[in-house]
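Trainee: Sharing a structure, written as structure tokens. Questions coming.
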Amino acid sequence: MESALTPAAPPADLTQENLLEIYYFLRLTRSLEEQLVNLYRQGKVIGGLYRSLGQEGESVATSYALRPGDILSPLIRNLGSMLVKGAQPVEVLRQYMAKTSSPTAGREMNIHFNDLDKGFLGQISHLGDMVPVMAGIALTFKMRVERRVGMVYVGDGAMSTGAFHEGVNFAAVQKLPLVVVVENNGYAFSTPVHKQTRVASLADKGRSYGIASYTVDGNDVLAVYGLARQLIEAARSGEGTQMLEVVTYRRKGHAEHDDQRYQSEEELALWEGNDPIDRYVSRIGDAGWATPDDLERIDSRIEREISEAVGTAESDPLPEGESAIGGVFA
Ligand SMILES: Cc1ncc(C[n+]2csc(CCOP(=O)(O)OP(=O)(O)O)c2C)c(N)n1
């Protein structure tokens with residue numbers, strides 16, 4: 001008998017279970033970052049805290065469209081992508097608190113860590129540099145005739161670097177299985193996009209290298225997923241490098257220490273009303289793909305998981321000073 005809750009098939013290739021899992025990752029990303037803000041204010045976070053508030057939708061949707069074996073390279077606002085690829089909240093918390101038990105044993109901070117088995121690469125801080133690195137990885141996929149795809153994220157600011165241009169050009173010319181996700185979030189630190197470039201659409205930069213380039217509403221989770229999936233499969237089937245510009249907005253400053261005085265209250269309010277998670281909840285609720293109970297169950301699970309992870313990470317020790325010289329090349 002047909003359930004009243006599943007009146008229509010979920011979009012594209014997503015099952016109801018997938019839709020709820022996407023909700024889990026969206027909410028987990030936001031809640032984990034909120035918890036990190038608490039820890040930051042208590043002086044327990046070492047270094048800066050970079051939020052993805054308002055951008056969780058595109059980060060989760062693009063990575064969710066990948067397949068096992070594909071590799072992505074996140075930036076500081078792609079906690080959501082790393083969680084989708086299997087990074088654990090406790091690892092992220094340990095990393096932000098620079099604990100000995102963290103993936104980098106307290107040597108690196110925030111989400112600068114790797115797990116190639118799970119399919120995410122640690123980022124190089126220098127903007128744009130991950131594009132040629134990921135082009136190299138995509139080149140190995142092509143040379144070994146593996147049907148794998150690389151995904152690399154760049155911000156509007158990162159697109160002004162030489163490394164970005166060299167990397168995209170190389171990937172385009174070599175027809176590499178790479179998807180470049182351009183996060184147009186309005187700002188690079190305090191520089192607005194119109195002071196960064198004269199192109200009308202950031203996807204025009206991809207077109208200038210002769211690659212298929214699209215723009216999507218980055219706060220519409222299912223639209224991002226659908227297009228990302230198409231581009232990933234086009235790259236996988238030999239059609240070469242693809243670019244996806246996701247139009248979104250950075251609702252926090254560059255990091256917690258940035259008072260974001262250059263972002264107007266009207267602009268912030270406008271984008272708060274265009275929240276990707278709120279929109280997703282309405283979409284799946286209105287379509288009958290999830291009940292308030294389904295979502296509450298997921299919220300409780302997240303609350304429990306984060307609270308356990310915080311307890312564990314907080315009780316772990318900081319590294320001993322002497323350990324700093326271990327694992328150093330010279
Ligand atoms: C080559 C280089 N220049 C400057 C910086 C310092 N920096 C780090 S993040 C950032 C802004 C990045 O903006 P964008 O690429 O738009 O990404 P967003 O922060 O908006 O996600 C800057 C200037 C850097 N890491 N690398």
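The values are calculated or read from the model by the stated rules, or taken from the named source; none is laboratory data. For clarity, every value in this text was computed on a predicted model and none was experimentally measured. Reconstructed Cβ throughout: ideal geometry from the backbone, glycine too, with neighbour counts over all protein chains shown.
Trainee: Please find, among S237, S264, S213, S323, the residue that is more than 23 Å from L28 (Cα to Cα) and surrounded by 17 or more Cβ atoms within 10 Å (Cβ to Cβ).
Mentor: S213
Trainee: Which residue pairs have Cβ atoms under 7 Å apart, sit 6 or more places apart or on different chains, and have a first residue in the range 141-159 that is over 11 Å from P177 (Cβ atoms) and a second that is part of a strand (DSSP E or B) and more than 12 Å from the ligand (Cβ to nearest atom)?
Mentor: Taking only residues 6 or more apart or on different chains, the pairs are V152/S73; V152/L178; V152/V180; Y153/S73; V154/V180.
Trainee: Just the residues that are of a type outside the set (A, V, I, L, M) and assigned to a loop (DSSP other than H, G, I, E, B), please, taken from the range 50-82.
Mentor: Across the range 50-82, the qualifying residues are Y50, R51, S52, G54, Q55, R67, P68, G69, D70, P74, R77, N78.
Trainee: Pairs under 6 Å by beta carbon, first residue touching a residue at least 60 places away in the same chain (Cβ under 8 Å) in the range 232-243, partner aliphatic (A, V, I, L, M) and part of a strand (DSSP E or B), six or more apart or different chains?
Mentor: Qualifying pairs under 6 Å: I232/V179; A235/V179; T241/L178; Q242/V179; Q242/A212; M243/V180.
Trainee: So which residues in the range 83-137 are surrounded by fewer than 19 Cβ atoms within 10 Å (Cβ to Cβ), more than 16 Å from the ligand (Cβ to nearest atom) and not in a loop (DSSP other than H, G, I, E, B), if there are any at all?
Mentor: D115, G136
Trainee: Here's something else I'd like to know. Among what's in the range 159-190 and is of a type in the set (A, V, I, L, M) and within 15 Å of the chain's Cα centre (by Cα), pick the residue that is nearest to the ligand (Cβ to nearest atom).
Mentor: V182
Trainee: Determine which single condition S3 fails, assuming it passes every other condition in (1) crowded, with 16+ Cβ neighbours inside 10 Å; (2) modelled with pLDDT under 95; (3) not aliphatic (A, V, I, L, M).
Mentor: (1)
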